[in-house]
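Have a look at the structure below, then the notes.
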Amino acid sequence: MVNFDYKQLLQKNINNKEKNVVNELYGSLLNGYINQDTIVTNDQFGPRLLNNQEGSSIWEQIKHELLTCENYTFAVAFITDSMVSNLKPIFKDLSRRGIKGRILTSTYLYFNQPAVFQELLKIPNIEVKIAEVDGFHQKGYIFQHQGYQTIIIGSANLTTNALMRNYEWSLRINSLDSGDIVDQVRSNVELEWKNASNLTNEWITSYSFTYKKNYKQSLQYQELDSENDTRIIKPNQMQKDALEQLRLLREKGK
């Protein structure tokens, strides 16, 4: 292993246009997988664990990749309306710039609400499909850059809690377009994409009927995401008194 020449391997069949990326990947490869103490890199391309702890936000990384990519594909089982709302401004900006995206999701455990699919259908330049494979539980984010891909795979679904709050484990890796890991991920996604159903208004109508029949089951899993908590927040006595004083002030025109 020590005598293996990674630099020669990486530079094989690489043209000048990709040279800078290759050099960065070369350093990141040695730093991430061989010795972090002797090989120092800028950490742009190296493997990185994202867990929503200090300086390691999955959401911030996904935003960065979206704003710098040429196109993107999400393969996620669960999606919440609040997360779609957070993404909408970014998606619309990408659409204005002609950057297209794809989302492959599912009806697994009936977690995804019909309203989420309705919102996804409204977003321009995004194609959405529903995986037909049983037990679809993927959580991957793929970003195409110039000559290379960034892939984030782990435990985080497309929900506000998973991307912003929960203690998750997601691994960010980078590879040239010709890398084997890119081929593995691409092959898997394209196979599921090919066999998936198109998201249409007709499909949503049909799913809404099935969703209602399984509503109690879906609630068990939606409870995992507190953003779906519909409990009413009740003020305490001190807050009630303060609200009453504010009401009286408004009545007096103050």
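The values are calculated or read from the model by the stated rules, or taken from the named source; none is laboratory data. A quick note: this is a predicted structure, and the numbers were derived from the prediction, not measured. Positions of Cβ are backbone-derived with ideal geometry, glycine not excepted, and every protein chain shown enters the neighbour counts. These accessible areas exclude ligands, DNA and RNA; they are computed on the full protein's heavy atoms, side chains included. Shrake-Rupley method; radii C 1.70, N 1.55, O 1.52, S 1.80 Å.
Hey, with R₀ at 22 Å, roughly what FRET efficiency would Trp169 and Arg102 work out to, going by the Cβ-Cβ distance, to 0.05?
E between Trp169 and Arg102, to the nearest 0.05, is 0.35.
Does the range 68-111 classify as rounded, prolate or oblate by the C-alpha gyration tensor (a ≥ b ≥ c root eigenvalues; a/c under 1.5 gives rounded; else a/b over b/c gives prolate, otherwise oblate)?
The shape class here is oblate.
Just how much of Tyr148 is accessible, in Å², when a 1.4 Å probe is used and the result is rounded to the nearest 10?
30
Ratio of alpha-carbon Rg to the 2.2 N^0.38 Å globular estimate for the range 57-146, to two decimals, please.
Expressed relative to 2.2 N^0.38 Å, the Cα Rg reads 1.04.
Of the listed pairs Lys139/Lys194; Lys139/Lys212; Lys122/Lys194, which have alpha-carbon separations greater than 20 Å here?
Lys139/Lys212; Lys122/Lys194, as the Cα separations exceed 20 Å there.
With every atom except the alpha carbons ignored, what do you get for Rg and Dmax of the range 87-205, in angstroms?
Final numbers for Rg and Dmax: 14.8, 41 Å.
Under a 1.4 Å probe, what is the accessible area of the range 86-155 per residue, stated in Å²?
41
Local charge sum around Arg102 (other residues, Cβ-Cβ under 9 Å, Lys/Arg +1, Asp/Glu -1)?
Here the charged neighbours net out to +1.
In the range 86-125, which residues have a backbone nitrogen under 20 Å from the label point lying 7 Å from Phe209's Cα in the Cα-to-Cβ direction?
Hits in the range 86-125 for Phe209 at 20 Å: 107-118.
Ignoring ligands, DNA and RNA, please state the percent of accessible area on the range 102-143 from carbon and sulfur, probe 1.4 Å.
It is 46 percent, rounded to a whole number.
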